[in-house]
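Let me begin by presenting the structure, written as structure tokens, before commenting on it.
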Amino acid sequence: MNVALYNQPLSSLEADLTIEFVTPAQLESHRLYPLLAQAGFKAESEQFCTLHEHRLILCGISEENAETFRSAMASALKAAMGYTYTSLKIAISDKKLVSALVDGVLLGGYKFESYKSDPKKTSLKEIMFANESGSDFPALEILFNQSVTIAKATNFVRDLVNQTPYDMTPQAMAVAADSLATSNNLECTILDVNGLEAEKMNAMLAVGRASINPPRLIHLAYKPSNPKKVITLVGKGLTYDSGGLSLKAAASMVTMKMDKAGACAVMGIIKAVSELKLDIEVHAFVGAVENMIGGNAYKPDDVLRAKNGKTIEVRNTDAEGRLVLADVLGYAQENVKADYLFDYATLTGACMVALGPYTTGVMGHNEALKQEWMNAAEASGEYCGILPFNRHLKKLIKSDLADVCNVSSKPYGGAITAALFLDNFIDENMKEKWVHFDIAGSAYTESAWDVHTYGGTGAGVRMSIEWLLKLNTQGNN
Ligand code: BES
Ligand code: ZN
Ligand code: ZN
């Protein structure tokens with residue numbers, strides 16, 4: 001699907017079909033009101049009325065804001081894709097709605113069909129946006145192009161997440177990172193098992209040991225000439241999480257190809273940053289590993305020495321993401337002196353219990369920084385919620401045998417105790433610069449919602465670019 005912005009009123013654009021949004025308050029003054037009333041159209045939230053003789057889809061929205069437009073645009077686009085029209089036009093009535101409408105079209109119209117032998121074809125090819133916002137065109141165009149780049153990076157993440165564990169192994173992730181590096185002019189370093197051994201990344205190696213697909217550490221770097229800041233991103237890349245010897249129940253194992261979504265997100269973020277040419281140096285570190293069972297599998301009762309020297313008592317091999325992150329966080333901090341350190345991980349089912357299936361959990365020591373992320377998420381169309389640390393929760397991961405235990409002694413607050421585990425692997429000077437994002441709920445969906453279709457959602461990309469764009473305009477403070 002091709003999207004384009006025109007500095008023309010909607011009426012002067014030639015397209016097969018028009019999508020219009022109407023609030024209940026605007027309904028009675030609509031030019032087609034008698035017809036709409038006759039059809040029983042009340043402009044209720046995401047209620048449609050298709051008038052083929054007018055080549056028009058009317059879509060109800062409760063009120064006019066970015067959130068309602070984003071989701072209504074996605075639903076209306078899906079409706080339009082069901083017909084045989086080839087082109088579509090939509091008015092942009094306000095500059096504030098640009099990214100919502102672009103997301104509605106590009107994210108809402110996303111389909112992953114690589115595994116279908118006969119994918120359904122949509123005839124809709126051309127989506128035309130008309131500038132009816134009164135804003136000057138060059139400024140609107142910059143915003144529009146930015147939104148397109150971000151949405152495409154989000155879909156790039158979805159494509160990676162949606163691939164099967166057979167196709168997207170740790171080695172395949174390294175190949176995907178390498179080709180991103182080639183096309184976007186990034187630096188790319190890959191460590192194989194020998195490299196991981198040399199770096200003493202024993203926790204990550206233990207998790208991957210029973211798999212026939214050996215682990216890879218991936219480091220991508222975007223280095224503009226005079227960066228205002230240096231940012232490190234770390235992603236959990238479990239290409240499959242069977243749970244290991246603490247094997248998952250059959251039903252919980254299904255969808256665990258998505259346990260690599262954090263890794264895919266950091267690749268998508270660095271892709272967008274490099275295409276937007278931000279003056280910020282970004283490093284993306286990925287721990288790509290498969291957690292399997294076997295005679296050589298790591299076990300509950302093992303004690304592992306992580307890269308930073310700390311020892312970990314393993315009591316559950318399904319709490320593997322934090323073990324991989326412990327080593328990758330250690331490696332990342334040793335290799336890059338960054339101003340900020342953010343990690344993205346489908347870390348705990350408990351995060352979904354706490355916040356529901358749509359919301360990313362935000363954790364860390366720096367209250368102001370977490371609030372910045374809440375604001376960035378809201379502006380970008382993602383949902384985030386802060387889960388607070390406290391010193392009592394920290395006691396729950398104490399170990400009698402080693403420095404720290406990989407699971408909590410109590411069954412509640414699991415998203416926070418997982419983050420407090422990670423805290424053991426954050427250097428003293430980075431504590432206030434670190435934020436952890438638990439995307440277990442937000443990264444994948446089996447039922448469409450908002451701009452998300454079945455599968456990976458690309459969670460983390462839009463909010464991170466929003467936060468980085470703000471940093472980029474703040475200058476050298
Ligand atoms: N990858 C899972 C977390 C997860 C669960 C992500 C559901 C997405 C959907 C993680 O490795 C895991 O298994 N965590 C355990 C931790 C427990 C053993 C302390 C969990 O959440 O049950
Ligand atoms: Zn697990
Ligand atoms: Zn996992």
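Every number here is computed from the coordinates shown, using simple stated rules; none is lab data. Please read these numbers as outputs of a predicted model, since none were measured by experiment. Counting neighbours? That spans all protein chains shown, and the Cβs are built from the backbone with ideal geometry, glycine included.
Each of Q474 and Q171 was given a label point 7 Å from its Cα along the Cα-to-Cβ line. The distance between the two points is 4.3 nm.
What FRET efficiency do you get for N2 and Y115 if R0 is 41 Å and r is their Cβ-Cβ distance, rounded to the nearest 0.05? Between N2 and Y115 the formula returns 0.95. Both radii were evaluated on the Cα set of the range 1-157; the Rg over Rh quotient, with Rh as the Kirkwood radius, amounts to 0.96.
Taking 0.36 nm per residue of sequence separation and removing the Cα-Cα distance, the K310/K125 pair yields an extension gain of 61.1 nm. Relative to the longest principal axis of the Cα atoms of the chain, helix 461-473 runs at roughly 90 degrees. Taking the centroid of alpha carbons for each part, the range 332-350 and the range 111-173 are 26 Å apart. Summarising the label geometry, the points placed 7 Å from Cα in the beta-carbon direction at K96 and K277 lie 3.1 nm from one another.
Place +1 on the Cβ of every Lys and Arg and -1 on the Cβ of every Asp and Glu in the chain, take the dipole about the Cα centre, and give the residue among N366, L323, N335 whose Cα lies farthest towards its positive end. The one lying farthest along the dipole's positive direction is L323. Working from Cα positions, state the angle (0 to 90°, nearest 10) between the long axis of helix 170-184 and the longest principal axis of the chain. For 170-184 against the chain, the angle is about 50 degrees.
Cross-link check: pairs K89/K257; K120/K223; K229/K299; K277/K337; K96/K120 evaluated at a Cα-Cα cut-off of 31 Å; pairs beyond the cut-off: K89/K257; K120/K223; K229/K299; K96/K120. When peptides 439-445, 140-146 are ranked by their average number of other Cβ atoms within 10 Å per residue, the highest-first order is 439-445, 140-146. Taking label points 7 Å from Cα along the Cα-to-Cβ direction, E46 and A249 give a separation of 2.9 nm. Close amide H contacts of I231 (hydrogens built in the peptide plane, cut-off under 5 Å, sequence separation of 5 or more or a different chain): E281, V282, H283, D339. Among the GluC sites (Glu not before Pro) within the range 197-298, not one is in coil by DSSP while having at most 15 neighbouring Cβ atoms inside 10 Å. Over the range 389-477, the fraction of Cα-Cα pairs per 5 Å bin, rounded to whole percents and listed from the shortest bin up, is 3, 11, 15, 14, 16, 15, 13, 9, 4, 1. Along the range 96-104 the Karplus relation, 6.51 cos²θ - 1.76 cosθ + 1.60 evaluated at θ = phi - 60°, assigns HN-Hα couplings of 5, 9, 4, 5, 4, 6, 5, 4, x Hz to successive residues, with x for each Gly and Pro.
One Cα centroid belongs to the range 289-307, the other to the range 380-426; the line between them spans 20 Å. The largest-to-smallest principal axis extents of the Cα set in the range 153-277 are 49, 35, 23 Å. Each part reduced to its alpha carbon centroid, the range 189-234 and the range 51-75 end up 45 Å apart.
Cα-based values for the range 421-468, radius of gyration first and Dmax second, are 14.5, 42 Å. Across the alpha-carbon set of the chain, the Rg to Rh ratio works out to 1.01, Rh being the Kirkwood radius.
When you count the other C-beta atoms within 10 angstrom of each residue and take the mean per peptide, 218-225, 147-154, 37-44, 60-67 line up highest first as 147-154, 218-225, 60-67, 37-44.
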